[in-house]
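Report on one structure; see the data block that follows.
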Amino acid sequence: YAGCYGFSVQPAHLTEGYLSTSLRNYTEQACDGEYFSVRCPPHTTISIQASFYGSKSPAPLQCPPHSALPGTDTHCYVSTSSQKMLDECQDRRSCQVLVNSRLFGMDPCPSSSKYLMVWYKCRPNEYKSKVACEGEHMRLSCRRGAIIVIYSATFGRSQQGSSECPAHSRRVPAVDCQSGSTLAVLTSRCQGKRSCSVQASTREFGDPCYTGTRKYLNVIYTC
């Protein structure tokens, strides 16, 4: 993605919760004896979500048959496969490993053919964050040749509040309240465009909070 400008860049640990629900999931798999290989786009890194190494019946991946004995249990797995793939691939742009039982330190079923399946995301190295108080318009824009990619969008208010949009009254309960349609609206309006404008209003997103609560729109994105 080409770089954006003019907005604050948030450290990864501040936005991990948002990203985990909005980034696309990828799945890659390989049989024993094959190379497992993944690569993320520029300016993103691998984020391992889950991993499975072993055998299931029926198997989602057709691997070369092993000389299994009649009655052999074909359901087996290594419980530490996710941690192993985190060690091998997490936070890297690309990753390649040869799939075999030695990689995982044990063979859960020597008489069965096994495979590795990994679920992962490509996490951007930098995220841009912008806040608009209720009633204001938010404008997102990217440089020429770049497009907006929305990773998170919330409209409402958190218990911690927002320094940009302080509460009007302390009598209103401090609770988390967020509209469930915010991400869909922002994706429809802004995803894939060079610029867009959205009003932070209950007309756009509904009113998920108590009467009198000052709400705000918070968007995390990249270009």
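Looking only at Cα atoms, what is the convex hull volume of the stretch 126-222 per residue, in Å³? List each step's numbers first, then the result.
Working: hull volume 8.7 nm³, N = 97.
Taking only Cα atoms, the stretch 126-222 has a hull volume of 90 Å³ per residue.
Using θ = phi - 60° in the Karplus curve 6.51 cos²θ - 1.76 cosθ + 1.60, the 3J(HN,Hα) couplings for the stretch 111-117 round to 8, 10, 6, 10, 8, 10, 10 Hz; x is entered for Gly and Pro. Excluding same-chain neighbours fewer than eight residues apart, the lysines reachable from residue 215 by a Cα-Cα span under 29 Å are 128, 130, 193.
What do you get for Rg/Rh over the stretch 23-124 if you use C-alpha atoms and the Kirkwood form of Rh?
Working: Rg = 14.1 Å, Rh = 14.0 Å.
Using only Cα positions, Rg/Rh for the stretch 23-124 is 1.00.
From most to least packed by mean Cβ count within 10 Å, the peptides 191-198, 202-209 give 202-209, 191-198. Less than 23 Å apart at the alpha-carbon level, and either on another chain or at least 8 residues along: which lysines does that give for residue 84? Once the sequence-local lysines are set aside, what remains near residue 84 is 56, 114, 121. Peptides 118-129, 177-188 ranked from most to least packed by the mean count of surrounding Cβ atoms within 10 Å: 118-129, 177-188. Residue-wise HN-Hα couplings along the stretch 91-98, as the Karplus relation 6.51 cos²θ - 1.76 cosθ + 1.60 with θ = phi - 60° gives them from phi, are 6, 9, 6, 9, 7, 9, 9, 7 Hz; Gly and Pro carry x.
Taking Cβ atoms as reference points and 12 Å as the exclusive limit, the residues near residue 120 contribute a net charge of +2, counting Lys and Arg as +1 and Asp and Glu as -1.
The numbers here are math on the coordinates, done by the rules we state, and not lab data. Keep in mind that what you see is a predicted model, and the values were worked out from it rather than measured. Methodologically, a virtual Cβ is constructed for each residue, glycine included, from the backbone with ideal geometry; neighbour enumeration extends over all protein chains shown.
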